[in-house]
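The values are calculated or read from the model by the stated rules, or taken from the named source; none is laboratory data. Note that this is a predicted model, so its numbers are computed, not measured. Here Cβ is always computed from backbone atoms with ideal geometry, including for glycine, and neighbour counts include all displayed protein chains.
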Amino acid sequence: MQYSEVVQNERNEEGFFSAITKLALEIKKRDNFVVIFHHDADGSASGAIAIKALEREGKKVSSICLKQLYKENIPQIKELGENYLFVDFGSGQLDYLTEAFGENYFVLDHHQPIMVEGVMPKCSWQVNPLLFGINGGTEISGSGVTFFFSLALNKNNFDLSVLGIVGALGDMQDANHTCALIGLNRKILDIGEEHKLIEVKKDLRLYGRVSRPLVSFLLFSSSPVLPGLTANEENVRAFLTGLDIPLKDPYTEKWLAYNDLAFEQQRELTSALLVLLLENNTPEWKIAELIGEVYTFTKEKSSSPLSDGKEFATMLNACSRNKHSEIALSVCKGDRNSGYLQAVALMDEHRENLRRGIEFIKQKGIEERSSFYFFDAGEVIDESIVGVIAGMLYGSIISETKPIIALAKNLDGTTKASGRGTSELVRRGLNIGGALKEISQSIEGVEGGGHKIAAGARIPTEKLDSVLSLLEEKFKEQLGL
């Protein structure tokens, strides 16, 4: 098998939307569907969009959420229905999906299609922006593709635009030089704004505007790293006190979040952070990460993390990574009662698991190769969150000069590898997903791929050293080291 980083086609939006329309028309003719979706935020949003859109058409629908789509999942999938809709994955597994499902499966994906001897395996019903010269890593996510499919089924599905944006933010598609969603994601935003479902404004982009107390809001900032504040609680408290910004509501004793501050306090905090970055000679491109677009969902309560695009996405990830993807799906489908309360609890548990994981890494330490950092958490950190922890280490434990590979033990005895990078490394040529995909096609038993900035692999443990050695060379090539 061979891997090609980019499908080399000219940009053809008209062809993309035409393909979606044709796929939707075929879907209308059939019934008894199984929706198969990935377990992350983009996958959960994609799954919910597909299920709601099909149910609104009166279709019989069942669903299954998977961490990864492997051959051994096929018998389980086949038992659930007659027609199979894969969302947010499928393009990388066309070789065995076609063999298993023939003409009865559909793919809505944005990941790299697999190439067998330079040729993409036949799939009668696949829509992937990469096939039309549209960047699936920056311009549209799996949930975006699925949203446009839902509109092709019924133009009244415009309310699902919110989930289309949640998935894009979960896939970090706003992590670009504009600090905003671009490409076809803008079309989804336009639809959401037109129907007064989404508000877009420029503001501080630090994560936790709604749910994080102010100290945590600054303490855990990694994009950008705040000199002297990131990972230093004492300095953060002194910084906020110096600005006369209260940490608690004086009447309720509630810890205040950024969104709780008055406009003047928000403006003063933002100005102080900009000055801090300038005084520390922070490069302009890093300073630019501080301010950018934020996305508010108007139908959600303003105090709810679901009102903020990034926090909504994080809640979905918290559910799935704590093995409760059914709760993520329920919240996406509109549950604001028991499902939502369970999701909030899982978000708290997720934060605590991340905190313990980071403390473990601080004690254990980080290893380093010529072109990447890495650590092996074994069974101490769950494989579902080891990649998230890796990304949080930038600015506190590791510098932004290299990607990081996090290792953990899978339940089946194999090793999970999760790679994370930064937007600057991607600008320099980093493509973690491409590197892992190439390796998976050169070493038998390895399965991997993903995005340039974040990707993962399942590795037979006895082949781990070989994978790391190849990865070291590929990162060297990509980054010109």
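So the values come out like this:
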{"quantity": "Which numbered condition G309 misses (of (1) surrounded by fewer than 22 Cβ atoms within 10 Å (Cβ to Cβ); (2) closer than 17 Å to L204 by Cβ; (3) not hydroxyl-bearing (S, T, Y))", "calculated": "(1)"}
{"quantity": "Inter-residue pairs, beta-carbon under 6 Å, first surrounded by 17 or more Cβ atoms within 10 Å (Cβ to Cβ) and in segment 61-76, second of a type in the set (S, T, Y) and part of a helix (DSSP H, G or I), 6+ apart", "calculated": "C65/S325"}
{"quantity": "Residues located in segment 214-233, provided they are surrounded by 17 or more Cβ atoms within 10 Å (Cβ to Cβ) and either within 21 Å of the chain's Cα centre (by Cα) or not in a loop (DSSP other than H, G, I, E, B) (or both)", "calculated": "L214, V215, S216, F217, L218, L219, F220, S221, S222, S223, P224, V225"}
{"quantity": "Residue that is surrounded by the most Cβ atoms within 10 Å (Cβ to Cβ), among those in segment 316-353 that are touching a residue at least 40 places away in the same chain (Cβ under 8 Å) and aliphatic (A, V, I, L, M)", "calculated": "L316"}
{"quantity": "Some residue of segment 406-414 being part of a loop (DSSP other than H, G, I, E, B) and either crowded, with 23+ Cβ neighbours inside 10 Å or assigned by TED's automatic domain parsing to the domain that holds V225 (or both)", "calculated": "no"}
{"quantity": "Options A313, A318: the member that is within 30 Å of F158 (Cα to Cα), assigned to a helix (DSSP H, G or I) and modelled with pLDDT of 95 or more", "calculated": "A313"}
{"quantity": "Failed criterion for I327 (all others in (1) under 22 Å from the mean Cα position of the chain (by Cα); (2) over 29 Å from I165 (Cβ atoms); (3) not aromatic (F, W, Y) hold)", "calculated": "(2)"}
{"quantity": "Residue list for segment 56-77, restricted to those being under 18 Å from Y96 (Cα atoms) and part of a loop (DSSP other than H, G, I, E, B)", "calculated": "K67, Q68, L69, Y70"}
{"quantity": "Residues within segment 292-304 that are out of contact with any Gly (no Cβ under 6 Å at 6 or more places or on another chain), outside any loop (DSSP other than H, G, I, E, B), more than 20 Å from G47 (Cα to Cα) and at pLDDT 95 or above, tallied", "calculated": "3"}
{"quantity": "Candidate set from segment 8-55 (those that are in a helix (DSSP H, G or I) and among the acidic types (D, E)); member that is surrounded by the most Cβ atoms within 10 Å (Cβ to Cβ)", "calculated": "D42"}
{"quantity": "Tally of residues being among the charged types (D, E, K, R), closer than 30 Å to L247 by Cβ and at pLDDT below 95 across segment 159-200", "calculated": "1"}
{"quantity": "Pick from segment 119-138, criterion crowded, with 22+ Cβ neighbours inside 10 Å and in a strand (DSSP E or B), ranking: farthest from the chain's Cα centre (by Cα)", "calculated": "Q126"}
{"quantity": "Residues of segment 161-188 classified as touching a helix residue (DSSP H, G or I) at 6+ places or on another chain (Cβ under 9 Å) and in a helix (DSSP H, G or I), total", "calculated": "14"}
{"quantity": "Of all residues in segment 146-155 being farther than 17 Å from E193 by Cβ and out of contact with any strand residue (DSSP E or B) (no Cβ under 7 Å at 6 or more places or on another chain), the one that is surrounded by the fewest Cβ atoms within 10 Å (Cβ to Cβ)", "calculated": "N154"}
{"quantity": "Test result for I439, over 20 Å from the mean Cα position of the chain (by Cα), within 30 Å of V116 (Cα to Cα) and outside the structural domain of H111 (by TED's automatic domain parsing)", "calculated": "yes"}
{"quantity": "F33 being modelled with pLDDT of 95 or more and either at positive phi or among the aromatic types (F, W, Y) (or both)", "calculated": "yes"}
{"quantity": "Which listed residue, of G456, G449, is in a strand (DSSP E or B), within 24 Å of D40 (Cα to Cα) and modelled with pLDDT of 90 or more", "calculated": "G456"}
{"quantity": "Residue match in segment 426-436 (condition: in a helix (DSSP H, G or I), at negative phi, among the charged types (D, E, K, R) and surrounded by 24 or more Cβ atoms within 10 Å (Cβ to Cβ))", "calculated": "no"}
{"quantity": "Scan of segment 234-259 for residues that are of a type in the set (A, V, I, L, M, F, W, C), surrounded by fewer than 17 Cβ atoms within 10 Å (Cβ to Cβ) and part of a helix (DSSP H, G or I), ordered by number", "calculated": "A238"}
{"quantity": "Yes/no for N156 being of a type outside the set (S, T, Y), over 20 Å from A454 (Cα atoms) and assigned to a helix (DSSP H, G or I)", "calculated": "yes"}
{"quantity": "Any chance S418 is part of a strand (DSSP E or B) and within 20 Å of the chain's Cα centre (by Cα)", "calculated": "yes"}
{"quantity": "Selection count, segment 81-118, where residues are outside any strand (DSSP E or B), under 13 Å from V34 (Cβ atoms) and not aromatic (F, W, Y)", "calculated": "6"}
